[in-house]
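Structure record follows, encoded as structure tokens.
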Amino acid sequence: MERKGKCTQAGVCSMYDKVQIITDDDAEFKCCECGEELTPCKDEEVIIDDGGRRKKKNLLMAICAAVVIIGGAIGIFLAQGGDETPAPAAPEQPAEPVAVEPQPAEPQSVAITAITATPENLEMTIDETQQIAIAVTPENQTEGTTATSSDEAVATVSETGEVKALKAGTATLTIAAKESDVKAEVKLTVKEKEPKEKPGPQPKNPSWGKYDGPRDAQGLPHGNGVLRITRSTTINGETAQPGERIEGVFRNGYVNMGTWYKNDGNAVVVKGIKVV
């Protein structure tokens, strides 16, 4: 029995709203193009298959074609003696599924809402390197930060917050979001290096004693002091013993005027004696 219907898959199937006729009772009542169920319709124009091409014909032409096909089939059957049963049609093979690879999701951008840089005021000396701490909110931000110095002749700063002092002066270090209007500043002062103290002269003592007191620029005894005798020596032709001392005024390594206190209790005035 003939069944007629229209495809209702608008915008999807090329056979949309076109009448199709199905003559095989065992065939499914589905569109020959997209395979969706057909909507029954009245006897209007019918679409038939002609070598893969679709043509429109009226109902009368469809009936004539059906009669010709049925007549030809009966003739072939009679010519063969009517004993053989026609081979069943090969079952349709289901379409193989097409694998669709999942597409990675687009990463979402997260803007910076706050930046802090510590310390807010920084003092350095020339050639010194220090690190400022940078904290960004939120932690999962995606835009990043930049770091700049208002005077790179005074100091430079890296994106990680490393500061290098180059010459004396002041500068403002700015840590800013690359896209958002958010930033933090550090006030920097760079000072000159303090001069190193030159080492003073090495104190000079005689090989036979030790002097306690002020000294001149060459390290020689100079001023009111005490010269303690640690080894036997000769002073003004007399032997001085360890434990004795000379107290008085010294000038540039000489005893200008002093008293020699001996171990036997005697005291002798001495002057003009070269100590060192």
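For the stretch 149-205, the number of Lys pairs with C-alpha atoms closer than 27 Å, counting only pairs eight or more positions apart or on separate chains, is 15. Size estimate for the stretch 114-191 follows the Kirkwood approach: the inverse of mean 1/r over distinct Cα pairs works out to 12.4 Å.
Extension gain, residue 259-residue 143: 0.36 nm per intervening residue step, less the Cα-Cα distance, totals 33.2 nm. Judged by the mean number of other Cβ atoms found within 10 Å, the most tightly packed of the peptides 153-160, 230-237 leads the ranking 153-160, 230-237. Legend: ranking of residues 7, 13 from fewest to most surrounding C-beta atoms inside 10 Å; resulting order 13, 7. Think of the stretch 209-274 as having a plus end and a minus end, set by charges on the Cβ of Lys, Arg, Asp and Glu; of 221, 258, 246, 221 sits farthest toward the positive end of this dipole. Given in Å, the Rg to one decimal and the Dmax to the nearest whole number for the Cα atoms of the stretch 209-274 are 11.1, 36.
Take the Cα of residue 37, step 7 Å toward its Cβ, do the same at residue 108, and the gap between the two points is 4.1 nm.
Read the figures in this text as sums done on the coordinates, not as results from a lab. Everything numeric in this text was worked out from a predicted model, so none of it was measured. Positions of Cβ are backbone-derived with ideal geometry, glycine not excepted, and every protein chain shown enters the neighbour counts.
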